[in-house]
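Input: a single structure, listed below in structure tokens.
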Amino acid sequence: MLFLTTLIADTPANCVQDLFLGTWSVHISSEIYKPKGEQVKCPEKFNTSEEFTFTLLERGVAISSQGAVRSGRWSPDANQGFEVRFGGRVFFFFSDYDAQNVSYCRRTSVGYVHDEGLLNQKFRCAYANNTKPTVTETKPLLSAYEDPEGHKLWVGSPLPKDFSLRNINGKSYLPRVFNQQQCGSCYAAASTQAMMSRVMVASNLSSPLGQTEFLSVQHVVDCSIYSQACDGGFGEQVSKFSEDFGVLIDADYSPYTAEVGECKPKNPSGKRYHFTGQNYLGGYFGADNTVESMQWELYRYGAFPVSVYVDTQKDQDGKDFSDFRQCKRRTTFPGVKPVVPNYPELTPQQIIDKDGRHYYLKKSNHLVLLTGWGSDEDGDYWEIMNSWGNEWCDHGFIRIDRGTNAYNVESAPIVFYWAGENVEKPVEKGGLRLSNGWFDTLVALCVIFGVAVIGLGVALVFLLKNKKQYQQVSSMDV
């Protein structure tokens with residue numbers, strides 16, 4: 001493929017952050033260009049030999065359906081372009097524009113691809129197109145705030161007042177309600193439910209997952225090396241298991257038994273679903289997430305796991321009267337206070353001053369699925385899917401207060417993203433992984449082999465010329 005470049009200076013392109021969201025197809029030059037001084041100049045025309053695809057999501061998350069490394073990071077370059085980092089490679093692009101300074105935010109002009117690290121001497125030229133943009137708008141939105149001082153300014157469409165993945169234009173983007181029974185597998189249930197919802201959203205219900213096929217909770221319980229089977233675990237551990245090994249569907253593993261069994265898939269070669277980019281919403285544990293950031297994540301990408309604290313209150317007869325189990329919107333349990341300045345998940349008695357100490361702590365013991373939000377006569381609420389069967393609360397769902405960290409639901413949301421179809425194990429040879437940079441790897445192997453052959457030849461000639469000078473020496477002779 002041949003590409004004609006656009007000359008780049010201090011570009012007049014004006015592309016705001018959300019216009020970069022979506023799936024990009026990148027075409028990379030076949031030739032390597034070395035810097036001249038501090039300049040790397042792409043020719044007016046260049047041939048491309050590699051195509052790479054990645055999807056840019058909010059909060060700097062990048063995912064790809066190609067290669068061994070499926071998750072990376074990205075950031076806008078002010079309003080003129082963006083940079084993406086994947087598996088040791090760096091992609092940098094300027095947004096395109098024309099002679100009238102009209103910006104074309106769904107395509108780039110010339111960009112560069114190189115390895116991470118200092119003093120790179122090998123660059124490839126590239127260009128990219130946003131083939132599946134997240135937003136339909138193509139221009140930045142005008143704002144009354146030209147230079148806001150002391151404000152974090154977000155502009156754009158308002159979120160709907162009510163939203164539920166249970167019913168979007170008459171269609172559900174949620175799998176069926178699960179019942180974990182006596183096994184402490186809430187972490188596996190909530191995570192696989194979220195995974196199915198995210199595939200349903202990403203595929204727009206074209207995938208059978210979550211509809212006629214269901215991810216195997218039993219596969220996670222029996223086989224995950226990162227969790228503790230029926231004794232508990234965490235959502236991010238399930239995502240890591242899916243990234244490293246993939247999660248089978250029930251038909252290829254076995255039905256749920258609510259007990260720990262031997263890790264023995266019925267069909268080990270069955271289709272496995274992989275997810276990547278797992279992290280706490282905001283990029284790290286303790287990130288300052290807002291209700292709105294949680295809503296946008298849910299609105300755009302599907303359900304995700306959230307942790308809650310289920311109190312264990314019992315009366316004098318030992319009967320459980322937990323607020324959460326009784327479907328109450330908020331808890332009065334003294335161990336969890338909805339609002340404490342700076343530390344909403346702790347009571348004042350639990351905040352202990354220590355010199356030089358500063359760390360984040362969440363109090364939770366149960367993982368559930370965030371599926372929607374709304375408002376009613378009792379105020380703003382989150383809609384939650386639990387894993388205690390259809391008989392619990394509202395057919396397996398509960399409404400809890402939104403914006404007050406009720407049950408600590410807003411303390412540590414977990415997100416991950418579908419790696420797409422056709423995930424294949426990377427081919428390895430001589431300890432070198434052949435993935436996106438397979439061509440460079442083959443060239444490197446050929447060079448290494450050639451140098452080895454030449455070196456062996458020189459050594460043989462030297463030995464033949466001096467063979468009388470060498471004798472075998474045993475350790476006793478030293």
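Across the stretch 389-401, computed HN-Hα scalar couplings (Karplus, 6.51 cos²θ - 1.76 cosθ + 1.60, θ = phi - 60°) run x, 6, 7, 7, 6, 8, 6, x, 10, 9, 9, 10, 4 Hz from first to last residue, x flagging Gly and Pro.
Once a ≥ b ≥ c are taken as the square roots of the eigenvalues of the Cα gyration tensor of the stretch 231-333, is the result rounded (a/c under 1.5), prolate (a/b larger than b/c) or oblate (a/b not larger than b/c)? Taking the square roots of the gyration eigenvalues as a ≥ b ≥ c, the stretch 231-333 is oblate. Between Gln17 and Leu205, the simple label model (points 7 Å from Cα in the Cβ direction) yields a spacing of 3.2 nm.
Across the stretch 369-378, rounded Karplus estimates of 3J(HN,Hα) from the backbone phi angles (6.51 cos²θ - 1.76 cosθ + 1.60, θ = phi - 60°) give 10, 7, 10, x, 8, x, 9, 9, 5, 9 Hz, Gly and Pro being marked x.
Based on every Cα atom in the stretch 87-128, Rg and the maximum pairwise Cα distance Dmax equal 12.6, 38 Å. Across the cross-link table entries Lys132/Lys240; Lys41/Lys122; Lys171/Lys266; Lys240/Lys328, which are compared at the Cα atoms, the separations over 21 Å belong to Lys132/Lys240; Lys171/Lys266; Lys240/Lys328. Stokes-Einstein diffusion for the stretch 163-418, with the hydrodynamic radius set to the Kirkwood value over Cα pairs and evaluated at 20 °C in a medium of 1.002 mPa s, equals 114 µm²/s.
Throughout, read-outs are computed from the coordinates displayed, never taken from laboratory work. Model, not experiment: these values are computed from the prediction. Glycine gets a Cβ as well: all are built from the backbone with ideal geometry, and neighbour counts include every protein chain shown.
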